[in-house]
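Peer 1: I'd like to ask you about the structure that follows.
The values are calculated or read from the model by the stated rules, or taken from the named source; none is laboratory data. From a predicted model like this one, the values you see are computed outputs, not experimental measurements. All Cβ positions, even for glycine, are placed from backbone atoms using ideal geometry, and neighbour counts span all protein chains on display. For the accessible areas, the whole protein counts, side chains as well, though only heavy atoms, and no ligand, DNA or RNA atoms are used. Shrake-Rupley method; radii C 1.70, N 1.55, O 1.52, S 1.80 Å.
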Amino acid sequence: MEKKLLHVYPQRCTACRNCEIACSFAHPIDGKAGVARIKAFGDKEGRVGHNQIVVCMQCEDAACVSACPANALWRNPDTGAIYLLEERCIRCHSCVAACPFGNMRPQADEFPSKCDVCGGDPACVKFCPANALEYK
Amino acid sequence: MIELTIDGKRVQARKGEHLLAIARREGVEIPTLCHHEAVEPSGACRMCMVEVTRPDWEGWSKLVTACNFPAEEDLIVRTRTDKVMQTRKEILELLIARTPGSQLIAEMAREYGLDHPTLTVGELSEKCILCDICTRVCQNLVTGAISRINRGVEKEVNTPFAEVSDVCIGCLACAKSCPTDAIEFKQVGLERTIWGRTFDLVPCTQCGAPTLPKEQAEWLSERTGMKVEEYFVCVKCKAAQTARTYENIAW
């Protein structure tokens, strides 16, 4: 199977933040919306086409993976994405400190959260009205 | 590959694989307290007790801990026999006697029909069941700051001689991986206190929000080769920084 990537087209982003809401609801904690693993930044001056989307890049040589003492971060060979294995995680939040892009998000008393491309069917892509996100 | 039977179901497994791992893969539920995937099993809590036998054992069977019992060809595993349930109930009765303060143990005990435990030996606030998850996590994965100290009824988890540890990095992995939330820690503002030591959380270099203790950053830096200062930016500032970097890239 050919590996797909989450493509980001910030020029098209309207910073409506639907992706964040979709992400929160796709990763609930005890039935409630969780922390969004994707972040849309609206341009401060409101210029069109200057919004930004920050989401995990599933780095080849990932800082989170090398920082994890428990080997809880694992690359899924099917999707190519890095997953957090919650049963192995010791919640030391080393990965949160290590990710230089701020894509490993802490949740109080919970496991850190990161983009897992929803197991190969990312919710953010489906809810983006501007096609700023594509999974291909 | 070998074949064995779990609760009447024929399953395949690797030789030497632990029974608990096989059972979980096959969807058979076995309760555990001291099991954590990140560390080797220790068989400390005894909750995962199952009954095993073999066709050539002529009806004889024995109770073993599923978490560290290796699978063999033709083994017959039963996870919910009367003997198993009675044993688990007795274990819970002893655990609840030791740890009246733990809600998790009380809930598990109720599940096994122990609504009104009669025996109490521990202090009412006691929560630690000495399952060793915290000490195994710390010793095998972090810096080895805590262990079991003392013997017999005085046995407890603490730093050596219950003194302030200079090895602890304040990562809270012990407290967060504890199944009964028995390890107390406090985090107020830029201070985090655990095991009698207060760590100063380094404020984010951009917004001043607490990040992580300097000791943990140094430990991480040693393992990953990143500079210590790189750890002192909070997640929000790092994400904003990433967005700014993107902005500067010409499309």
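Peer 1: Which is more than 26 Å from B:L141 (Cα to Cα), out of contact with any Pro (no Cβ under 8 Å at 6 or more places or on another chain) and modelled with pLDDT under 95, of B:G43, B:G8?
Peer 2: Sole residue among the options that is more than 26 Å from B:L141 (Cα to Cα), out of contact with any Pro (no Cβ under 8 Å at 6 or more places or on another chain) and modelled with pLDDT under 95: B:G8.
Peer 1: When residues of segment B:130-146 are filtered for being of a type in the set (A, V, I, L, M), more than 9 Å from every other protein chain (Cβ to nearest Cβ) and open to solvent by 20 Å² or more (accessible area, probe 1.4 Å), how many remain?
Peer 2: Number of matching residues: 1.
Peer 1: Could you look through segment B:147-176, keep only residues that are aliphatic (A, V, I, L, M) and within 14 Å of chain A (Cβ to nearest Cβ), and pick out the one that is farthest from A:A108 (Cα to Cα)?
Peer 2: B:I169
Peer 1: Could you tell me how many of the residues in segment B:220-244 are among the β-branched types (V, I, T) and open to solvent by 30 Å² or more (accessible area, probe 1.4 Å)?
Peer 2: Of the residues in segment B:220-244, 2 are among the β-branched types (V, I, T) and open to solvent by 30 Å² or more (accessible area, probe 1.4 Å).
Peer 1: Take residues that are open to solvent by less than 60 Å² (accessible area, probe 1.4 Å) and of a type in the set (A, V, I, L, M, F, W, C) and tell me which of the strands (runs of 3 or more DSSP E) falling wholly in segment A:1-75 contain 2 or more.
Peer 2: A:6-8, A:38-41, A:52-55
Peer 1: Residues that are within 11 Å of chain B (Cβ to nearest Cβ), crowded, with 23+ Cβ neighbours inside 10 Å, of a type in the set (A, V, I, L, M) and within 14 Å of A:R37 (Cβ to Cβ): does segment A:89-99 have at least one?
Peer 2: Yes, segment A:89-99 has at least one match.
Peer 1: Do any residues in segment A:2-24 that are within 14 Å of another protein chain (Cβ to nearest Cβ) and in contact (Cβ under 8 Å) with a residue 24 or more places away in the chain have Cβ atoms under 7 Å from those of residues that are hydrophobic (A, V, I, L, M, F, W, C) and surrounded by fewer than 14 Cβ atoms within 10 Å (Cβ to Cβ), where the two are at least six apart or on different chains, and which pairs are they?
Peer 2: Correct list of pairs: A:Q11/B:W251.
Peer 1: Need pairs with beta-carbon distance below 7 Å; first residue among the hydroxyl-bearing types (S, T, Y) and within segment B:221-242, second outside any helix (DSSP H, G or I); sequence gap 6+ or separate chains.
Peer 2: Close Cβ pairs (under 7 Å, with a partner that is outside any helix (DSSP H, G or I)) amount to B:S221/B:K227; B:Y231/B:T211; B:Y231/B:L212; B:T242/A:V54; B:T242/A:F101; B:T242/A:G102.
Peer 1: What do you reckon, is A:A67 at the interface with another protein chain (Cβ under 8 Å from one of its Cβ atoms) and of a type in the set (G, A, S)?
Peer 2: Judged against the criteria, A:A67 is a match.
Peer 1: Right, something else. Please verify whether B:G196 is touching a residue at least 24 places away in the same chain (Cβ under 8 Å), open to solvent by 60 Å² or more (accessible area, probe 1.4 Å) and either within 26 Å of B:E222 (Cβ to Cβ) or touching a Leu at 6+ places or on another chain (Cβ under 8 Å) (or both), treating the condition exactly as stated.
Peer 2: yes
Peer 1: Any idea how many residues of segment A:15-36 are touching a strand residue (DSSP E or B) at 6+ places or on another chain (Cβ under 9 Å) and farther than 13 Å from A:Q107 by Cα?
Peer 2: So the answer is 8.
Peer 1: A follow-up question, please. Out of segment A:100-113, which residues are open to solvent by 10 Å² or more (accessible area, probe 1.4 Å) and closer than 16 Å to A:V55 by Cβ?
Peer 2: Once the filter is applied, which keeps residues that are open to solvent by 10 Å² or more (accessible area, probe 1.4 Å) and closer than 16 Å to A:V55 by Cβ, segment A:100-113 yields A:P100, A:F101, A:R105.
Peer 1: Let me ask you something else. Out of B:A217, B:A209, I need the residue that is surrounded by fewer than 19 Cβ atoms within 10 Å (Cβ to Cβ) and either at pLDDT 95 or above or within 12 Å of chain A (Cβ to nearest Cβ) (or both). Which one?
Peer 2: None of the others qualify; the one that does is B:A209.
Peer 1: Would you mind finding the one in B:R88, B:R10 that is basic (K, R) and buried (at least 21 other Cβ atoms within 10 Å of the Cβ)?
Peer 2: Exactly one residue qualifies, and that residue is B:R88.
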